[in-house]
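Below is one structure, written out as structure tokens, with a few remarks after it.
Derivation of every value follows stated rules applied to the coordinates shown; laboratory data play no part. Keep in mind it's a predicted model, so treat the numbers as computed, not measured. Neighbour counts are summed over all protein chains in view; Cβ atoms, including those assigned to glycine, are modelled from backbone coordinates with ideal geometry.
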Amino acid sequence: MIILGDCLQKLKNISDNSVDLLLTDPPYGTNDQYGKSIKRGKEITSFNTIDWDFELPLDYFKESYRILKDDRWGVIFTDKKEITTIWNKLSEFGFSPRNTFYWIKTNKAPTPKSNFKSSVETCIVFTKGRTNKKWRGGGNQNNYFMCPFVSGSEKVKHPTQKPVKLIEHLIRLFTDEGDMIIDPYMGSGTTGVAAINSQREFIGIEIDSEYFDMAKQRIHRQQQLIKNKTFREEKIKKFF
């Protein structure tokens, strides 16, 4: 199920203790008035100022705590400068922050400055209660995942799109097949696509109508692909 609207309002319509994983990539509050251009190989991609990325959202934690089941997990992407702010705010709302998790981009282009290239993005991993329930990582699971930046046919016109492969990895660490995942800041719908691929249920909320339509198309396309694949597999089984 995907919902167009402000998550601060739409979350109120979701039942108590009904969600197994909160996985989201909200605005980081790091935008500036000028926008930016990024060079990848010989191509230059320009991003205009993102009007939803001026403020770090925190108010959705209250409703998120209510709808998340006891002993379940949450993952929030954030800017490295906001780790302490979000960590403390999660604690205020009753969550138990557990660790930071990092996406290492294996194909990040060099930064055209006298500085390191930015090859890492950060998540905060937390629970509602202090539990190992639903943890599928094992004691030796690293707190990072390496995969390329989104490119090729997977890339859509969203400036902060995450790779499906990365989101699938997180989903499989913290949920079982059939579990319910929610993304209050759905964006281009990557969490929904990853949930479909992983046989999980999904609720996505997005306030921007353009991104909502983008997510709707991606999710519908993936549902059809999975449906067609299942049909072919069932048809093949009849011959054996």
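Order these by the 10 Å Cβ neighbour count, fewest first: 149, 116.
Going from sparsest to densest Cβ surroundings: 116, 149.
With a ≥ b ≥ c the root eigenvalues of the C-alpha gyration tensor of the stretch 2-237, is it rounded (a/c under 1.5), prolate (a/b larger than b/c) or oblate?
Rounded.
What are the residues whose amide H is under 5 Å from the amide H of residue 179, where those residues sit 5 or more places off or on another chain and H is modelled from the backbone?
Amide H neighbours of residue 179: 201.
Please list, in order along the stretch 188-202, the HN-Hα scalar couplings obtained from phi with the Karplus expression 6.51 cos²θ - 1.76 cosθ + 1.60 (θ = phi - 60°), rounded to whole Hz, x for Gly and Pro.
Once rounded to whole Hz, the list reads 7, x, 4, 4, x, 4, 5, 5, 4, 4, 9, 6, 10, 7, 9.
Could you calculate, for the stretch 59-138, the ratio of the Cα radius of gyration to the Kirkwood radius, expressed as Rg to Rh? Before the final figure, lay out each step's value.
Details: Rg = 15.2 Å, Rh = 14.2 Å.
Rg divided by Rh gives 1.07.
Once the piece of chain linking residue 62 and residue 144 is laid out straight, how much longer is it, given 0.36 nm per residue of separation minus the C-alpha distance between them?
Gain in length upon complete extension: 26.8 nm.
Sorted by average packing, counted as other Cβ atoms within 10 angstrom per residue and highest first, what order do 78-86, 59-67 take?
59-67, 78-86
Along the Cα-to-Cβ line of residue 224, 7 Å from the Cα, sits a label point; which residues in the stretch 134-165 have backbone N less than 20 Å from it?
Only 153-157 fall inside the zone, counting backbone N under 20 Å.
Using r as the Cβ-Cβ distance of residue 131 and residue 107, and R0 as 45 Å, what FRET efficiency do you calculate, to the nearest 0.05?
The formula returns an efficiency of 0.80 here.
Which of 144, 211 has the fewest other C-beta atoms within 10 Å, and how do the rest follow up to the most?
Placing the least packed residue first, the sequence is 144, 211.
When a/c is below 1.5 the answer is rounded, else prolate if a/b is larger than b/c, else oblate, so apply that to the stretch 107-234 with a ≥ b ≥ c taken from the square roots of the Cα gyration tensor eigenvalues.
Oblate is the answer for the stretch 107-234, as a/c is 1.5 or above yet b/c matches or exceeds a/b.
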